[in-house]
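Before any comments, here is the structure.
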Amino acid sequence: MVFWKSLFNVAESNSAAPQANSAMVSIQTVGFDPPGKNPIVLSLNRDLDLYELEELCDAVGWARRPLRKLRKALQNSFLVVSMWEIRGKTRRMIGFARATSDGAFNATIWDVVVHPDFQGKKMGKALMKYLIKKIRSEDISNITLFADSHVVGFYDGMGFVEDPEGIKGMFWYPD
């Protein structure tokens, strides 16, 4: 429990985690896994290396997307959160998530990904809790997401429910 309290009680600006790129902003120390290893930090900087993001997505088996569209998706997102492992003066992207929103009532979480080396170590949960905390800090109360069937249990454990009140989503796809 101490880990989670420290995650949400530490002010982002108080972190002194080493940075490989001084352009990283809004970094917060998440924790260590196991203790004594490399720090894990979160960033709200949306100026990401798209090739590094694609490598992360490749690691979990996601299909490649055109980089120009990925860049546009990041630019038009309400919130972009990346997770980094810091090793001395270098960093490695190990997690990512983003959200779109109307800025008032609704937000939708997209593209949640954690490198396989860090899955099962509570990093995905830390990433999601941070993302939700940031969305809620904007007084947005309706948060939705789309999940592949094999990860629905992960989101169930975080309080998300399938089809609340029998609401069914509808989709339109081009022919």
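Laid out as a table, the results:
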{"item": "Hey, F96 assigned to a loop (DSSP other than H, G, I, E, B) and not aliphatic (A, V, I, L, M) or not", "result": "no"}
{"item": "Residue match in the stretch 128-137 (condition: among the hydrophobic types (A, V, I, L, M, F, W, C), surrounded by fewer than 22 Cβ atoms within 10 Å (Cβ to Cβ) and in a strand (DSSP E or B))", "result": "no"}
{"item": "Qualifying residue in the stretch 87-97 (condition: under 16 Å from L44 (Cα atoms), touching a His at 6+ places or on another chain (Cβ under 6 Å) and modelled with pLDDT of 95 or more)", "result": "yes"}
{"item": "Single unsatisfied condition, M83 versus (1) farther than 20 Å from L42 by Cα; (2) touching a Phe, Trp or Tyr at 6+ places or on another chain (Cβ under 8 Å); (3) in a strand (DSSP E or B)", "result": "(1)"}
{"item": "Residue check, K168 modelled with pLDDT under 95, over 18 Å from the mean Cα position of the chain (by Cα), exposed (fewer than 12 other Cβ atoms within 10 Å of the Cβ) and within 30 Å of N38 (Cβ to Cβ)", "result": "no"}
{"item": "Residue that is of a type in the set (S, T, Y), within 22 Å of M170 (Cβ to Cβ) and at pLDDT 95 or above, where the choices are S101, S149, S77", "result": "S101"}
{"item": "Where H115 falls short, out of the listed (1) out of contact with any helix residue (DSSP H, G or I) (no Cβ under 7 Å at 6 or more places or on another chain); (2) buried (at least 16 other Cβ atoms within 10 Å of the Cβ); (3) within 22 Å of G61 (Cβ to Cβ)", "result": "(1)"}
{"item": "Enumeration of residues in the stretch 51-69 that are under 15 Å from the mean Cα position of the chain (by Cα), aliphatic (A, V, I, L, M) and either under 22 Å from A107 (Cα atoms) or assigned to a helix (DSSP H, G or I) (or both)", "result": "L53, L56"}
{"item": "Any hit, the stretch 85-99, residues being surrounded by 13 or more Cβ atoms within 10 Å (Cβ to Cβ), among the basic types (K, R) and at positive phi", "result": "no"}
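The values are calculated or read from the model by the stated rules, or taken from the named source; none is laboratory data. Small disclaimer: the values here were computed from a predicted structure and weren't measured. Reconstructed Cβ throughout: ideal geometry from the backbone, glycine too, with neighbour counts over all protein chains shown.
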